[in-house]
Amino acid sequence: MNIDQLLKSVSKPGRYTGGETGQTIKEKQNIKCRFAFCFPDTYEIGMSNLGIRLLYGALNREPDVWCERCFAPWTDMEEAMRKYHIPLWALESGDPLTAFDIVAFSMGYELSYSNVLYMLELAGIPLTTAERGEHDPIILGGGCCTYNPEPLADFFDLFSIGEGEEALPELSRLYIQMKEDGSYTKEAFLHAAAKRGGFYVPSFYTVQYHEDGTIASVTKKYDDIPDRITKRIIKDFDHSYFPENTFMPFIDTVQDRIMLEVYRGCPRGCRFCQAGMVYRPIREKSPDVLARQARCLYENTGYEEISLSSLSISDYTRLPQLTESLLSWTNDARVNLALPSLRADTFTKELMERISSVRTSTLTFAPEAGSQRLRDVINKNVTEEEILRACNVAFAAGKNQVKLYFMIGHPTETNEDLAGIYDLSEHVIHAFYVNKRADKQMGKPNVGGVQVTLSVAAFVPKPFTAFQWEKQDALEVTQEKQQYLRSIITDRKVRYNYHDAKVGRIEAVFARGNRKLCAALIEARKRGVRFDAWEEFFSYETWLDIFAAVGVDPDFYTTRGFAEDEILPWDIIDCGVTKEFLLRERAKAYETKTTKNCMEACSACGADKLGGDETWCNRSLCKYKQKN
Amino acid sequence: MVQSLALQIQAEKLRCTPPKVRTKADPDAYMDAINPQSGTLTVRLGFYKVGKMQFISHLDLQRFMKRAFIRSKLPIWFSEGFNPHPKMVFSTPLSIGVQSLCEYADIKMTAPLTGRQIMDALNPCMPEELQLFCAAAPVHKMTDVGYASYEAFLHHPNATADTARQMDAMYSAPLVMTKHTKSGDKDVDISPLIKTAHTVFDEATGELHLRAILSADNANFLNPEYLIRAAERNLGLVFDDPASAWYQIIRTDLLLCDGITPFQ
Ligand code: SF4
């Protein structure tokens with residue numbers, strides 16, 4: 001078989017070659033646990049994922065573990081692989097996935113589930129745990145989607161719940177130890193992992209349902225495994241593993257730059273946001289550590305951009321120290337500093353000046369709702385004045401493009417709230433022209449016209465949010481709202497983009513799904529469904545057919561309001577934040593009451609029980625605050 | 001010299017003739033021809049790009065080399081302005097899927113260095129299949145390139161010694177191929193662009209081994225893939241099956257307009 005000839009026949013062959021600088025190659029004979037880290041999307045998307053870089057490095061620190069990468073082959077490659085009977089392989093060794101001990105999938109988006117089955121099938125690995133035998137690889141799942149692992153329960157031997165930098169190396173050590181002392185059977189291994197906590201073995205739990213389809217009870221196979229699986233977190237973020245060298249793609253990828261994770265979690269508490277809850281508690285890295293890691297990564301990669309990544313970067317308490325120490329060398333090294341997740345309320349002139357080297361003329365903010373009332377409902381504690389002030393800062397600095405992110409379909413939303421989206425963009429445009437007049441008087445150069453881009457997503461109720469019980473708007477309602485917004489936008493300086501409501505509906509089915517969806521995923525594989533996250537492949541009608549064929553009613557997961565006393569599919573997982581807290585937040589939403597963020601006051605969400613240094617929960621950061 | 005040894009090894013692996021020996025510049029002599037106006041000096045890098053690296057496009061290679069230079073800490077020169085970048089000028093285009101033992105790129109440096117210093121700093125920053133075999137002051141202008149030599153190995157179950165003879169005849173007679181250009185498809189007789197092309201059939205491996213020297217100057221660049229396409233069309237041997245019918249092309253040298261003198 002001449003693989004080069006095969007590669008000549010597919011698009012972007014650089015996706016499949018491996019051999020990138022920074023990849024890890026080991027001698028097979030020294031390896032006791034071979035780990036394939038799979039990402040159920042294309043190479044370009046997967047290689048942009050910070051999690052893969054972290055876990056790849058953390059696993060490869062173990063001398064007898066070899067972690068390799070594998071991405072979903074594009075459809076032209078799929079065709080070639082089927083034609084020539086080439087099973088899916090890992091990039092580093094070129095060995096088929098069946099040669100691995102553990103095959104792990106990282107899932108960050110519900111619409112990538114169909115690709116997990118697509119990859120398993122291409123690898124020739126039986127899809128379900130029931131069909132797999134003692135000698136098939138162990139299939140492990142992780143990533144932020146797996147805070148509700150239930151729609152995938154039939155396919156995965158186990159899930160790693162929470163942060164994996166410590167958990168996954170431990171799991172491979174356990175595997176090696178049990179293989180060496182002869183106690184290994186798949187069942188014994190899974191049992192041992194489940195007992196440790198942080199690992200969910202779905203086959204050890206049986207779910208009974210009521211007649212109406214809701215969950216009646218869950219029973220355990222072993223007494224010594226936990227009732228609920230508590231997520232793992234890294235407690236000491238400063239000293240946690242961080243890859244100071246990393247693989248670098250040859251071909252262009254989505255995030256081809258240094259991603260510096262400044263802190264984990266988010267102090268804000270938006271009521272629709274899953275990431276804001278499941279990554280709690282907040283853990284910061286100190287500026288010294290970050291500065292050292294950034295410098296190291298730069299020297300090892302030669303990247304021309306450092307992106308400070310966090311859910312809301314301006315909430316990092318020591319941002320001035322960090323940017324100062326980075327800027328002390330980045331400008332000379334011609335390295336660009338990017339702060340992608342700025343909040344309008346903390347966006348200041350000082351911050352703007354610090355990052356004045358940014359090349360883009362676009363500034364992005366996420367008000368998420370059009371009216372103050374609705375912003376209070378969703379607890380997005382940002383006001384119109386703050387947004388306009390932030391825009392003014394940007395306009396004064398010569399920027400002329402603003403991108404505003406919104407979400408429609410929030411609980412209690414009315415047409416007035418929708419109209420507020422357009423009003424806000426008109427106010428931004430007005431602010432621009434006021435600025436421009438002032439500039440003209442001061443003789444500053446003309447920056448041209450202004451452009452406001454509205455990017456409007458549709459609300460998807462997500463597990464572990466205050467809105468996890470809410471109804472999703474029916475498809476027609478969402479489409480009507482999208483059209484209403486379209487009809488009132490008359491200013492051509494406003495560009496209006498909105499997401500396909502059908503995608504949001506399928507996303508919602510899987511986000512709040514239970515084990516009954518496993519049958520739908522198997523049926524989807526039979527019908528060749530893959531790359532759902534790609535517009536050109538997503539077919540709503542196919543999904544409706546699939547649901548009908550396996551007797552799943554999508555309304556059950558979307559437009560149905562979940563009862564507050566209902567056992568939720570994801571109740572089996574404990575992510576720190578308690579149901580009581582989420583219920584309190586839900587009640588406050590309906591009273592249009594906001595909740596303070598962790599920096600102002602602790603609202604006892606429950607995540608503090610997980611521990612962690614440098615968190616707001618134990619207020620240890622106050623000493624830095626005083627210094628400022 | 002260690003690096004030319006590496007080139008030798010790559011050529012042996014690919015079973016083809018290595019590039020012709022150049023008049024050797026002393027690798028330990030300082031290239032100190034700094035332009036007093038710009039404060040820079042131009043260094044010509046000779047490198048090979050084989051194996052997996054054949055699938056890396058020109059743009060990707062440029063980006064990769066830039067980052068490799070930064071990792072190497074060599075004193076490269078950056079353009080001024082909003083988006084500073086090192087200036088790299090590559091010789092003849094090389095399509096994806098063609099390997100090469102003989103590529104050249106010019107880069108500007110801000111301090112005098114020896115060829116060996118540059119190679120010792122840069123090569124560890126690049127994969128095994130993309131390595132410099134020399135770094136020296138340019139002898140010719142980039143536009144002096146006139147021809148490129150290629151070797152190709154073609155596997156086909158129906159290939160025979162007769163096929164080789166047919167190929168020789170085909171490449172020396174007028175040969176009209178549809179060329180894809182920016183201004184649309186054009187029918188061109190490519191035979192004037194083929195300086196030499198000779199194929200032998202290797203009984204032992206069942207392969208056709210083609211050696212060709214093709215026009216490579218800016219205005220008349222002939223992509224070696226056309227030779228394969230012509231064989232597919234005229235002789236009915238299609239090379240599109242990784243299991244049984246495949247080919248590989250290697251650029252083995254760059255020559256001046258006389259078709260003999262090696263470019264350097
Ligand atoms: S326990 Fe308090 S401070 Fe800690 S994350 Fe929860 S709300 Fe914030």
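Across segment A:119-166, the number of residues qualifying as acidic (Asp, Glu) and open to solvent by 30 Å² or more (accessible area, probe 1.4 Å) comes to 6.
Scanning for something within 30 Å of A:Asp565 (Cα to Cα) and open to solvent by 10 Å² or more (accessible area, probe 1.4 Å), does segment A:449-459 turn up at least one residue? Yes: segment A:449-459 contains one or more residues that are within 30 Å of A:Asp565 (Cα to Cα) and open to solvent by 10 Å² or more (accessible area, probe 1.4 Å).
Of everything listed in (1) over 19 Å from B:Ile56 (Cβ atoms); (2) surrounded by fewer than 18 Cβ atoms within 10 Å (Cβ to Cβ); (3) within 14 Å of another protein chain (Cβ to nearest Cβ), the single unmet condition for A:Ser93 is (2). For segment A:20-38, residues that are open to solvent by 20 Å² or more (accessible area, probe 1.4 Å) and either within 8 Å of chain B (Cβ to nearest Cβ) or under 27 Å from the mean Cα position of the chain (by Cα) (or both) total 5. Scanning segment A:326-340 for residues that are in contact with a helix residue (DSSP H, G or I) (Cβ under 8 Å, 6 or more places away or on another chain), surrounded by fewer than 18 Cβ atoms within 10 Å (Cβ to Cβ) and more than 12 Å from chain B (Cβ to nearest Cβ) gives A:Leu327, A:Trp329, A:Pro340. Would a scan of segment A:233-240 turn up a residue that is of a type in the set (Ser, Thr, Tyr), open to solvent by 20 Å² or more (accessible area, probe 1.4 Å) and under 30 Å from A:Lys32 (Cα atoms)? Scanning segment A:233-240 turns up no residue that is of a type in the set (Ser, Thr, Tyr), open to solvent by 20 Å² or more (accessible area, probe 1.4 Å) and under 30 Å from A:Lys32 (Cα atoms). Looking across segment A:474-509, the residues that are open to solvent by less than 40 Å² (accessible area, probe 1.4 Å) and not in a helix (DSSP H, G or I) come down to A:Ala474, A:Ile489, A:Asp491, A:Val494, A:Tyr496. Taking each residue of segment A:255-268 that is within 14 Å of chain B (Cβ to nearest Cβ) and free of Cβ contacts under 8 Å to residues at least 40 places away in the same chain and looking for partners that are away from the ligand (no atom under 16 Å from the Cβ) and open to solvent by less than 20 Å² (accessible area, probe 1.4 Å) with beta-carbon atoms closer than 9 Å, six or more apart or interchain, yields nothing. The set of residues from segment A:243-276 being open to solvent by 10 Å² or more (accessible area, probe 1.4 Å) and within 16 Å of the ligand (Cβ to nearest atom) comprises A:Arg264, A:Cys266, A:Arg268, A:Cys270, A:Cys273, A:Gln274, A:Ala275.
B:Trp77 meets all of the listed conditions (1) facing chain A (nearest Cβ under 10 Å); (2) modelled with pLDDT of 90 or more but one, namely (1).
Of the listed requirements (1) in a loop (DSSP other than H, G, I, E, B); (2) crowded, with 17+ Cβ neighbours inside 10 Å, A:Leu290 misses just one: (1). Just one of (1) open to solvent by less than 60 Å² (accessible area, probe 1.4 Å); (2) within 11 Å of chain A (Cβ to nearest Cβ); (3) aliphatic (A, V, I, L, M) fails for B:Leu59. It is (1).
Within segment A:246-260, does at least one residue satisfy the condition of being among the hydroxyl-bearing types (Ser, Thr, Tyr) and under 27 Å from A:Thr317 (Cα atoms)? No - not one qualifying residue is present in segment A:246-260.
Each row is one residue, and each column tells you yes or no for (1) crowded, with 16+ Cβ neighbours inside 10 Å; (2) within 17 Å of the chain's Cα centre (by Cα); (3) modelled with pLDDT under 90.
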{"position": "B:Met65", "(1), (2), (3)": "yes, yes, no"}
{"position": "B:Gly81", "(1), (2), (3)": "no, no, yes"}
{"position": "B:Pro84", "(1), (2), (3)": "no, no, yes"}
{"position": "B:Gln99", "(1), (2), (3)": "yes, yes, no"}
{"position": "B:Gly115", "(1), (2), (3)": "yes, no, no"}
{"position": "B:Asp120", "(1), (2), (3)": "yes, no, no"}
{"position": "B:Met126", "(1), (2), (3)": "yes, no, no"}
{"position": "B:Glu129", "(1), (2), (3)": "yes, yes, no"}
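Within the span defined as segment B:157-167, one or more residues are open to solvent by 20 Å² or more (accessible area, probe 1.4 Å) and within 14 Å of chain A (Cβ to nearest Cβ). Listed by position, the helices (runs of 4 or more DSSP H) contained in segment A:512-610 that have at least 1 residues being of a type in the set (Lys, Arg) are A:517-526, A:579-590.
For segment B:207-222, the count of residues that are among the β-branched types (Val, Ile, Thr) and open to solvent by 50 Å² or more (accessible area, probe 1.4 Å) is zero.
The values are calculated or read from the model by the stated rules, or taken from the named source; none is laboratory data. Source: prediction; values computed, not measured. All Cβ positions, even for glycine, are placed from backbone atoms using ideal geometry, and neighbour counts span all protein chains on display. For the accessible areas, the whole protein counts, side chains as well, though only heavy atoms, and no ligand, DNA or RNA atoms are used. Shrake-Rupley method; radii C 1.70, N 1.55, O 1.52, S 1.80 Å.
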